[in-house]
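The structure under discussion appears below in the form of structure tokens.
The values are calculated or read from the model by the stated rules, or taken from the named source; none is laboratory data. Just so you know, these numbers come straight off a predicted model, no measurement behind them. Backbone-built Cβ (ideal geometry, glycine too); neighbour counts: all protein chains shown.
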Amino acid sequence: MKTIIVDDELVSIEILKKAAEQVSEIEIIGTFTTAMHAIKFMNKNQVDLMFLDIHMPDFNGFDLVDTLKNPPKIVMISSDRDFAVEAYEYDFIVDYLVKPIENNRFTKTMERVKKSNSAHIQQDDENIETLSKAVPKERDRALYVNIDRRLVKIDIPSIEIVEAKGDYIKIKTDNKSFVVHSPLKRIEEKLPKDKFLKVHRSFVINIDKIIDIEDNSVLIQRDVIPVSKSNRNELRKRLNLL
Amino acid sequence: METPNHLYVKQLSNGDEKFANYLVEVMRTELTEDVGLYKNAMTRKDYLDAKSHVHRIKHKMGLLGLEKSYERANNFENGLRESDLGEQSYFESVLPIMIEFLDPNRKIKL
């Protein structure tokens, strides 16, 4: 397995390299202290397995995972246990290692990696991958946003309005608002298209949350959201009109 | 106050003395950098930046068997998110102990 290690601490990289030496199937083809360098490498090279630290400055492990179109098998690494649940919501994350990494625990990780490889091959043979697409996954119901270097979970159905504010977006849910550094287009792509609609260049709304509609605006809770002329027909099409 | 040890490094090295001493050297270099960056961030009162350096130092406490200090560093790291400096003095008291323990003249023998 062509393997890379991504961790901002050199000492962690050395520990993983040493542990990986004991596993004949692993071939370390690169080590990186930033996510950006790893992405550049993966754009040009085939990688089968990645050991990925969650806590890295600027662009953390989950940010990296979200950018990958064809992710390899990933083993997440962190000094904290807090992110384990989130990590397992990704199909291609096969294990979660807590630092300092113990030799015995690393051996178990490698057993899981090998097992996941064989399961993956079997699944391809039986061509059953469409089954998993038919079942809504938990991760499709939630969105993780980076706020003050923490990944905060937002329940997608609870989102009422997303408003663009310069380089930021304001996500308003049933009970809370979040300000996140992101373009509106990025979150628009992540939200289910049958539930959310961009009604104005600065607003994406949850159609289920509309209370009433006037010609050029909609009311969601107490917020009056403008609707651009070009989006009015699409909005009407989406509504269950009598 | 806890005393650091090389139990983890020895166990990981699996009899490879050269690797054990190399790992300690890497740890020392990184710790010196981490501590400098941490102090700089605290001087600027940039607690979110300081938090990221505490996180890295916390890991090294774990590598040196400083379990209690690891837990308190974890509390300090979480507290910094809310500008809570309650664990600062304890955290900073452990740093010179770690640096001294990683003295380049103290070689590991396996």
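Within segment A:5-19, the residues that satisfy the criterion of being assigned to a helix (DSSP H, G or I) and either at the interface with another protein chain (Cβ under 10 Å from one of its Cβ atoms) or charged (D, E, K, R) (or both) are A:Leu10, A:Val11, A:Ser12, A:Ile13, A:Glu14, A:Ile15, A:Lys17, A:Lys18, A:Ala19. Among the residues of segment B:69-110, just one is hydroxyl-bearing (Ser, Thr, Tyr), in contact (Cβ under 8 Å) with a residue 24 or more places away in the chain, within 14 Å of chain A (Cβ to nearest Cβ) and under 30 Å from B:Ser13 (Cβ atoms), namely B:Ser69.
When segment A:157-210 is examined, which residues are found to be within 17 Å of the chain's Cα centre (by Cα) and among the basic types (Lys, Arg)? Correct list: A:Lys185, A:Arg186, A:Lys190. Under the condition of being within 16 Å of B:Leu66 (Cβ to Cβ), among the hydrophobic types (A, V, I, L, M, F, W, C) and more than 7 Å from chain A (Cβ to nearest Cβ), the residues counted in segment B:18-38 number 3. Checking each residue in segment B:43-55 for being over 29 Å from B:Ala20 (Cβ atoms) and within 13 Å of chain A (Cβ to nearest Cβ) picks out B:Asp46, B:Tyr47, B:Leu48, B:Asp49, B:Ala50, B:Lys51. Taking the stated definitions as given, is A:Gly61 out of contact with any His (no Cβ under 7 Å at 6 or more places or on another chain), within 14 Å of chain B (Cβ to nearest Cβ) and among the small types (Gly, Ala, Ser)? Criteria met by A:Gly61. In segment B:79-94 there is at least one residue that is modelled with pLDDT of 95 or more, charged (D, E, K, R), out of contact with any strand residue (DSSP E or B) (no Cβ under 9 Å at 6 or more places or on another chain) and not in a helix (DSSP H, G or I).
Before we move on, is B:Tyr22 surrounded by fewer than 20 Cβ atoms within 10 Å (Cβ to Cβ), hydroxyl-bearing (Ser, Thr, Tyr) and part of a helix (DSSP H, G or I)? Yes, satisfied. Applying the criterion of at least 3 residues that are more than 30 Å from A:Gln221 (Cβ to Cβ) and modelled with pLDDT of 85 or more to the helices (runs of 4 or more DSSP H) found wholly in segment A:87-191 leaves A:103-126. Only one of the listed residues (A:Asp48, A:Asp53) is away from chain B (no Cβ under 14 Å), closer than 16 Å to A:Ile93 by Cα and in contact (Cβ under 8 Å) with a residue 40 or more places away in the chain. That residue is A:Asp48. Restricting segment B:5-17 to residues that are surrounded by fewer than 19 Cβ atoms within 10 Å (Cβ to Cβ) and more than 11 Å from chain A (Cβ to nearest Cβ), the residue that is nearest to A:Glu21 (Cα to Cα) is B:Gly15. If you go through segment A:23-40, how many residues are within 14 Å of chain B (Cβ to nearest Cβ) and touching a residue at least 40 places away in the same chain (Cβ under 8 Å)? Counting residues in segment A:23-40 that are within 14 Å of chain B (Cβ to nearest Cβ) and touching a residue at least 40 places away in the same chain (Cβ under 8 Å) gives 1.
With respect to the conditions (1) more than 10 Å from every other protein chain (Cβ to nearest Cβ); (2) in a helix (DSSP H, G or I), B:Lys58 lacks only one, and its number is (1).
Reported count of residues in segment A:13-51, each being modelled with pLDDT of 95 or more and among the polar types (S, T, N, Q), is 1.
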